[in-house]
DNA sequence: TTGTAGGCGTTATCAT
DNA sequence: ATGATAACGCCTACAA
């Protein structure tokens, strides 16, 4: 129904090959006059190439697969959702589109494999990575192009871009040290979480740099939830007075808000009696009370980097690039000078 | 490189037509024996059909376009992002994939038109609709298939599913009435916002049903932002004592949180001195203090409905369906009994 | 500089 | 019940 190249060729009185050459800007081969005739025919007919035909011919789709895990969405987790937006926007800049899909948390491979076998996409952007990530292993093994947002097992050779959690948390701790805090605690995830561990590294690093020994009781590991943030706070607050932290860094805004909510129940003034830092900069974190100091995920930058790498990969470049982007520290009201020791 | 139908045909000793018949389950035409031979050849070669070729042949893509506006993402607006997830999941159930893209707020048509002309997608799901929405008009005019999440100009004949804001707000007001509140204020968006107006309708409806006259000073219109929520609260609180509201319903969680933050500065206890209701159930709203009573966007249900309609549209059904889904009221700590009049 | 023609991998029509 | 074969719309040797 819509015009095809054949229609344009007839209209312009040339062959379809000529039309194709004009449309693809084949270097010095078409006379100015012919080119003009073709272009005017294209305009007259309102012709646009059928991308499916182009794709079949060129053996590609210009589509990049991006997936969400099907885990329950009861926690705020704006990061991945936001990333999808930035990724979509960045991809468009180089003529790529994002095809979204979802996968079961415990069995991700079939849907990835299907997309590969049917040649539905040219490549993937893998996010929400974990150590020993099956998807990454599968893609490496099958030699299918992809770039990841996030690290997996250290040593695996694949292209990734990730938030520099270590540097981020170190900056947060430096900020607290500068405010005079000395008893700084950290609430992290279980040991199986790679990014949680990188964040702990940043914590240790900054303290060591300042010549402060890490108090093992100041490091609490717990599962991601607001309730667990409250409980972690309670545990820290139950320490003997001389060990009680004056500041707490959490690996996520959600845990930080749990801490704040727990501290409120104890009558503490956040930003004065206790300083709290989160991680992620969830959209609402600027509006909670008090506004949360946190490390912002640099999503637009990461999306741009991922797409840049993808572009190279699709061209056929094979050397591996791994890159960290530092999250900016957003200082708000939840951190303040260390309280004067009683 | 990967096996084609021709390879399978050779392997099974049949024609490509036969392979195609088997794969497409053509009714009673293939002998059991041939079918088995073909299937075993398919398995042996690990063959999967090339979807691009299939698409070219069948003149379709099995792709649905879904877009975000490129407006700045400084507010929490989890709704659209979340919807993208649920839509993706629902689409997969009927073999459709979502292709995402972004469009400039003030000039959306070119990117939609391009996707149409290149036959990149079979249909669109249009979200974030507004009155007199250009995109909807364009799609109606061009006869291109789509379903919308959200209403536009009343009277336009197209398929949509939307949150029943009117019923939602009415339920919120009923909840407040049952708690003994009589001076209930509403903070809404400017008149240009259709959904804001539907929410006001629900507000009026519930009050009228209860025989309470609407005090015009209890209806404040303002632009979506936390700061404006604070200011709207301040304006309401500046009313003479006998007109001061004991409860405020906001058109969004963001405005509601602004109200809460404003009220805190005035020393009010939310849920006691003042009850507050939001709308959307942003992911963080359950964790702010006090936890926010709000109306939850029924996104999974809407996504399912949208996909169901889309399925009909793609089959060629032309009658228009328009459907509202009621948002459940989530009662939390920000609403409580009306304060005893001093 | 331009045209001819083959092929990308399917599906569908028409024979047999 | 199965097989030839012609599209689907485009790109690209190769020829002219």
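The values are calculated or read from the model by the stated rules, or taken from the named source; none is laboratory data. Keep in mind the model is a prediction, meaning the values are calculated, not measured. Glycine also receives a Cβ, built like all others from the backbone with ideal geometry; neighbour counts cover every protein chain displayed.
Of the residues examined, residue B:43 is not one that is within 8 Å of DNA strand D (Cβ to nearest atom) and under 17 Å from residue A:114 (Cα atoms). Applying the set (1) more than 14 Å from chain A (Cβ to nearest Cβ); (2) modelled with pLDDT of 95 or more to residue B:318 leaves exactly one unmet item: (2). Each residue in region A:182-195 was checked for being crowded, with 20+ Cβ neighbours inside 10 Å and more than 19 Å from residue A:260 (Cα to Cα), and 2 pass.
Scanning region A:21-55 for residues being within 8 Å of DNA strand C (Cβ to nearest atom) and at pLDDT 95 or above gives a total of 1.
Within region A:153-181, the set of residues being under 15 Å from residue A:280 (Cβ atoms) and buried (at least 22 other Cβ atoms within 10 Å of the Cβ) comprises A:163, A:165, A:168, A:169, A:172.
Which of the strands (runs of 3 or more DSSP E) found entirely inside region A:37-133 contain at least 2 residues meeting this: in contact (Cβ under 8 Å) with a residue 12 or more places away in the chain and either within 9 Å of another protein chain (Cβ to nearest Cβ) or farther than 28 Å from residue A:301 by Cβ (or both)? Quick ask: steps written out before the conclusion?
Values: elements: A:63-69, A:97-103, A:123-127.
The qualifying strands (runs of 3 or more DSSP E) are A:63-69, A:97-103.
Look at residue B:24 and say whether it is under 20 Å from residue A:52 (Cβ atoms), away from chain A (no Cβ under 14 Å) and within 13 Å of DNA strand D (Cβ to nearest atom). So residue B:24 passes the test.
The combined condition, being within 30 Å of residue A:92 (Cβ to Cβ) and either touching a residue at least 60 places away in the same chain (Cβ under 8 Å) or out of contact with any strand residue (DSSP E or B) (no Cβ under 8 Å at 6 or more places or on another chain) (or both), is fulfilled by residue A:282. Does region A:188-209 contain any residue that is over 28 Å from the mean Cα position of the chain (by Cα), farther than 26 Å from residue A:125 by Cβ, at pLDDT 95 or above and assigned by TED's automatic domain parsing to the domain that holds residue A:272? Scanning region A:188-209 turns up at least one residue that is over 28 Å from the mean Cα position of the chain (by Cα), farther than 26 Å from residue A:125 by Cβ, at pLDDT 95 or above and assigned by TED's automatic domain parsing to the domain that holds residue A:272.
In region B:271-283, is there at least one residue being more than 13 Å from chain A (Cβ to nearest Cβ), crowded, with 21+ Cβ neighbours inside 10 Å and part of a helix (DSSP H, G or I)? No; the residues of region B:271-283 include none that is more than 13 Å from chain A (Cβ to nearest Cβ), crowded, with 21+ Cβ neighbours inside 10 Å and part of a helix (DSSP H, G or I).
Tell me the residue from B:95, B:150, B:65 that is surrounded by fewer than 17 Cβ atoms within 10 Å (Cβ to Cβ) and modelled with pLDDT of 95 or more, please.
B:95
All conditions but one from (1) closer than 29 Å to residue A:123 by Cβ; (2) more than 9 Å from every other protein chain (Cβ to nearest Cβ); (3) surrounded by fewer than 13 Cβ atoms within 10 Å (Cβ to Cβ) apply to residue A:31; the one that does not is (1). Under the condition of being crowded, with 17+ Cβ neighbours inside 10 Å, assigned to a helix (DSSP H, G or I) and more than 7 Å from DNA strand C (Cβ to nearest atom), the residues counted in region B:1-18 number 5. Restricting attention to region A:178-185, does a residue exist that is away from chain B (no Cβ under 14 Å), farther than 18 Å from residue A:76 by Cβ, touching a helix residue (DSSP H, G or I) at 6+ places or on another chain (Cβ under 9 Å) and assigned to a helix (DSSP H, G or I)? No - not one qualifying residue is present in region A:178-185. Condition first: under 21 Å from residue A:337 (Cα atoms), within 14 Å of another protein chain (Cβ to nearest Cβ) and surrounded by fewer than 19 Cβ atoms within 10 Å (Cβ to Cβ). Now tell me which residues in region A:210-267 satisfy that. Answer for region A:210-267, where residues must be under 21 Å from residue A:337 (Cα atoms), within 14 Å of another protein chain (Cβ to nearest Cβ) and surrounded by fewer than 19 Cβ atoms within 10 Å (Cβ to Cβ): A:264, A:266, A:267.
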